[in-house]
Amino acid sequence: MEDAPGAREAFERARAGFEAHRGLGVRERLAALSTMKAVILERRDEIVERVMAEVGKSRTDALIAEIIGTVDWISWLERHAAGLLKPRKVKTPITLLGKKSMLLRRPLGVVLVICPWNYPFHNAITAIAAGVVTGNAVVYKPSEHAPCEGLVEEMLACSEVLRDLVHVVYGDGSMGRALIDEGPDKVFFTGSGATGAKIMSQAGAKLIPVELELGGKDPMIVFADAPLERPVAGALWGAFTNAGQSCSAVERLLVQSPVYERFMERLIEEAGKLVVRPDDKGDADIGRMTAGFQRDKVIAHVEDALARGARLRFGEVPGRDSLVVRPVILDGVTPDMAVWRDETFGPVLPVMPFADEAEAVRLSNDTGYGLCGSVFTADRARALRVTEALEVGGVSINNVNMSEGNPGLPFGGVKKSGFGKLRGPEGLLGFTVSKAVLIDKATSKIEANWYPYTEEKHRRFNRFIDALYTGRRPRLPGIARHGLGLERFSQRPRSRG
Ligand code: NAD
C-alpha cells in the first residue's frame, strides 16, 4: 500500500487515536463495529473474491469461515460486550466489614495484532473487533503471504472511530520485529510456534505481555459404536477444508479396530467424490494450496511417511509444479513419522487404528500440540470421559472443528499450541486489564490494622482469627466480640492504649 504507515508512524497514529477516543463508551464502539458488520455483509462477494484470489480457498470455504465466522463474532459482541465490560460489584468479606468492592475493566492501550495467511480476513477482523470494543487502539500486520492489501482498510473506512483506532502495516517478519520494538501494550499473535517463540523472547525483554495462538496436530477419534456416515464425512471436511491449512484441521484420525477397514473403505470412496478446483463458482470442495513452501512441506511429510512404510490409501505424492493438491490419505503410519508428529498444514490425513478408549486417549495426547480434538461415539458418558482426558483447548463431540464455531466459547490451545484465548468472555477480557477498587467511607476513624500496633491489638487479632478460621465453621459470637473489640481501636487514632 502506497500510503500504509511504517512501524513508528503506525504506533504514533494508534496512540493518538487511543487518546482521542478514550472517552467513548462501549455502545459507541459497538456502533462503529455494527456499521462495519453491515459493510462486510453488503460486500461479502467482493471479500470472498479477494480472499480466493489471494489464498486460493474454495468459494464456500471462504464464505463460511471468512464471512460467517467474522460477522457471528461481531454479532456476539453486540449482545454480550457491554454486559461483560461494565463495572461489577464484588462481595466484600467480613474481615473488611463496612466496605464495598468493585471490579473495573480497562483497555490495555495499543494492541499489536500479527496474523498468519490462512484466514486473512477472519483472523484480522476478529482480533481487531475484540481490540476496539474493549477500548484499545490496534496496529495490525497481516502475513506477507496473504496481505489482501487495502481490504481491511476498506472495511474500516465506514467509521471515523475505526479509522482512527486501527492502523494496518504491511511487511514480513522484520516488520513484525520493528513493530514489537515500538512497545505495544500487548502482542496478540496467531501463527507458527517457531515465530511465537521469537516474539515471546523479544517481547519478554521489554515485559510486553503476549498471547500466542499457534499450530495444532488435532486428533479425531472414532469409536466403533458411532454411525459410520457422519464421522466419514466429518473426517473429510475436518481434514481438507481450506486445503487442510487450518490450525484446527484434523491432522490425525484414530478409528477403533473393529470398524477400521469398513471405515477406510467408505472414507476412500467418499474422498474420490471431492471436487478439487481453484477459482470455483461455489461448486468445488477444495481450492488450491496457498504457497509453494507449504505444498513442499506436504510433499516432504508424504514422502517421509511412504519411505518409512506407510500405505498410500488415497491420492498421490503431490507434484512440485502446481498448488492444486489432491487430498492424500495414508495408513500404516507410526508415531515417529513426521506426518503423525509434526503439523502438516495441508490436505493430508494419516489414519491409525486403536483398540480401546485408553489407547485412543494415549495416542491422541502423545504430541507436543494441544489445540482441539473431536470424538465420535454413541456413548455419551464415554464422549465426556474422553473429552476430559484430551489435553487440548477445545473438543467437538460427534462434530469436528466446531467448538470454535460458537463465538461464546473460548478458542485457544494448551501445550505448544499456545496460551490465551480468542473469543468467548475469556477471549474478550484478554484485551483488557482489570482494576480492583475498594471503597470506604470518608470518616475520621482509622483502621484497626493501622498503626499504632499494641500487644492488646495483637491479642485481639489472634482471637478474631481463631473465631473466624479455626474450628469447623466461623463462630459468630466470637467474631462479633473480637471484631467490635478491634473496632474500638479505630476510634483512637493516636492512642497506644
Ligand atoms: P508464521 O509464524 O510464519 O507467520 C505469522 C506472522 O508472523 C506473519 O505475519 C509473519 O510476517 C509474522 N512474523 C514472522 N516472523 C516474525 C517475527 N520474528 N516477529 C514478528 N512477527 C513475525 O505463520 P504462518 O505460516 O503465517 O501461519 C501458519 C501457522 O499459523 C500454522 O502453524 C497454523 O497452525 C497457525 N495458526 C494458528 C491459529 C490459531 O488460532 N491457533 C490460526 C491460524 C493459523
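Every read-out reported here was derived from the displayed coordinates using simple, explicitly stated rules and does not represent laboratory data. Just so it is clear, the structure is predicted and the values come from calculations on it, not from any experiment. All Cβ positions, even for glycine, are placed from backbone atoms using ideal geometry, and neighbour counts span all protein chains on display.
With an a/c value of 1.5 or above and a/b larger than b/c for the gyration tensor axes a ≥ b ≥ c computed over the alpha-carbon atoms, the stretch 83-152 is described as prolate. When you count the other C-beta atoms within 10 angstrom of each residue and take the mean per peptide, 311-319, 394-402 line up highest first as 394-402, 311-319. Nearest 10 degrees is fine. How inclined is helix 193-205 to the longest principal axis of the chain, computing both from alpha carbons? Value to nearest ten degrees: 30. Normalised Debye scattering of the stretch 289-381 at q = 0.19, 0.24 Å⁻¹ gives log10 I(q)/I(0) of -0.93, -1.27, counting only Cα atoms as equal scatterers and leaving out solvent.
Between the Cα long axis of helix 122-133 and the first principal axis of the chain there is an angle of about 10°, rounded to the nearest 10.
Amide H contacts of Leu349: Val328, Ile329, Leu330, each under 5 Å away and 5 or more positions distant or on a separate chain (H built 1.01 Å from N in the peptide plane; Pro and chain starts excluded). Sorting the Cα pairs of the stretch 60-120 by distance into bins of 10 Å, from 0 upward, gives 16, 26, 28, 16, 9, 4 percent per bin. Per q in 0.18, 0.19, 0.24 Å⁻¹, report the Debye log10 I(q)/I(0) for the stretch 3-51, using one uniform scatterer on each alpha carbon and no solvent. Taking Cα atoms of the stretch 3-51 as identical point scatterers yields -0.83, -0.86, -0.88.
For the listed peptides 69-79, 292-302, 275-285, a ranking on the average number of other beta carbons within 10 Å per residue, highest first, reads 69-79, 292-302, 275-285. Taken over the C-alpha atoms, the stretch 218-406 has Rg and Dmax values of 15.4, 49 angstrom.
Cα centroid distance between the stretch 296-324 and the stretch 4-66, in Å? What the calculation gives is 37 Å, centre to centre. Here the residues His21, His80, ranked from fewest to most Cβ neighbours within 10 Å of their Cβ, fall in the order His80, His21. Counting every alpha-carbon pair across the stretch 1-155, the share separated by more than 28 Å comes to 30%.
Computed from Cα atoms, the angle from the helix 44-55 axis to the main principal axis of the chain rounds to 70 degrees. Think of the stretch 1-118 as a dipole: +1 on every Lys or Arg Cβ, -1 on every Asp or Glu Cβ, centred on the Cα centre; then among Ile68, Leu41, Leu104, Leu104 lies furthest on the positive end. The order of the peptides 422-434, 128-140, 25-37, 201-213 by mean Cβ neighbours within 10 Å, most packed first, is 128-140, 422-434, 25-37, 201-213.
Shape summary of the stretch 445-490, radius of gyration then Dmax from alpha carbon positions: 10.7, 33 Å. Which value in nm describes the separation of the simple spin-label points at Arg106 and Ile268, placed 7 Å from the Cα toward the beta carbon? It is 6.3 nm. When restricted to Cα atoms, the chain yields an Rg and a Dmax of 27.5, 91 Å, respectively. Given a cut-off of 18 Å, what percent of all Cα-Cα pairs of the stretch 394-497 lie beyond it? Counting pairs separated by more than 18 Å, the tail of P(r) holds 68 percent. Under a 5 Å amide H cut-off, with hydrogens placed 1.01 Å from N, Asp280 pairs with Arg59 among residues at least 5 apart or on other chains.
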